[in-house]
Amino acid sequence: MRTNVTLDESLVRELLDLSGEKTKTAAVTAAVREQIRRAKRKRLAGLLGRVDVDEASLQAQQEADRRRTRSVEGTAEENGR
């Protein structure tokens, strides 16, 4: 999506320097993604202590994830990767 915004040039230069991105677009995109990630983490942190967790289901899901990972890794090895 093309969007026109007016940004402080010194902030954009600092963002480019700190982010390591090569273009203004990439730097601003990375900054927006980071801001979204932080906002989501803050929202999740607000749920601490409010959500009941079924430990048995959580452990079963983690074990299923481990089995799936081992299966995928085994398939990759069989294919010579």
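Details
- In a fully extended conformation the segment linking Asp17 and Thr3 would gain 2.8 nm over its present Cα-Cα distance, using 0.36 nm per residue.
- Within the chain: Cβ-based charge dipole about Cα centre, in debye rounded to nearest 20 (Lys, Arg +1; Asp, Glu -1): 280 debye
- Summed over all non-identical Cα pairs, the Kirkwood treatment of the chain gives a radius of 17.3 Å.
- Farthest toward positive dipole pole in the chain [+1 Lys/Arg, -1 Asp/Glu at C-beta], among Ile36, Thr6, Ser57: Thr6
- Peptide packing: for 65-71, 27-33, the average count of neighbouring Cβ atoms within 10 Å per residue gives the ranking 27-33, 65-71, highest mean first.
- Label-zone membership for the stretch 7-44, site Val51, 7 angstrom Cα→C-beta point, backbone N under 15 Å: 39-44
Read the figures in this text as sums done on the coordinates, not as results from a lab. None of these values were measured; they are calculated from a predicted model. Quick reminder, even Gly has a Cβ in these numbers, built from the backbone with ideal geometry, and neighbours come from all protein chains shown.
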